[in-house]
């Protein structure tokens, strides 16, 4: 199966995303938080205090990080499998999906690996369609 490792990582990320959704839904459950009214003893100002359990935001942050990590790893796996097939000379222990701060830096990195000459179609796909650089596709 093509991109087997990448697909497994996406599946795992989807499980994390489901957990994120559950955590967010739990935030709106009245049993997970408390609301109290009071008066500030120093100013006399009326206050409303809204409190959620400490572990929900911490867990949510960790699960979001896990989902993002799995999606990023899926890109790396797919990239490695792609270059193994079309640009084997670009394979190294440090090969990962190319995401750079600018188009200029991305182009330089791809040209440095000779992807522009060995596989112009892959180069064009990355640079002009996927746009994994600052100012390009922000979701990458």
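The values are calculated or read from the model by the stated rules, or taken from the named source; none is laboratory data. Remember, predicted model here, so these are calculated numbers, not experimental data. Glycine also receives a Cβ, built like all others from the backbone with ideal geometry; neighbour counts cover every protein chain displayed.
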From 108, 61, which residue is free of Cβ contacts under 8 Å to residues at least 12 places away in the same chain, part of a helix (DSSP H, G or I) and not assigned by TED's automatic domain parsing to the domain that holds residue 22?
108
Could you tell me whether any residue of the range 109-128 is closer than 24 Å to residue 1 by Cβ and under 19 Å from the mean Cα position of the chain (by Cα)?
yes
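Okay, residues lined up against (1) modelled with pLDDT of 90 or more; (2) more than 15 Å from the chain's Cα centre (by Cα); (3) more than 17 Å from residue 74 (Cβ to Cβ); (4) assigned to a helix (DSSP H, G or I):
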| residue | (1), (2), (3), (4) |
| --- | --- |
| 13 | yes, no, no, yes |
| 19 | yes, yes, yes, yes |
| 31 | no, yes, yes, yes |
| 38 | no, yes, yes, no |
Going through the range 120-134 in order, the residues found to be touching a helix residue (DSSP H, G or I) at 6+ places or on another chain (Cβ under 7 Å) and either in a helix (DSSP H, G or I) or modelled with pLDDT under 95 (or both) are 122, 123, 126, 127
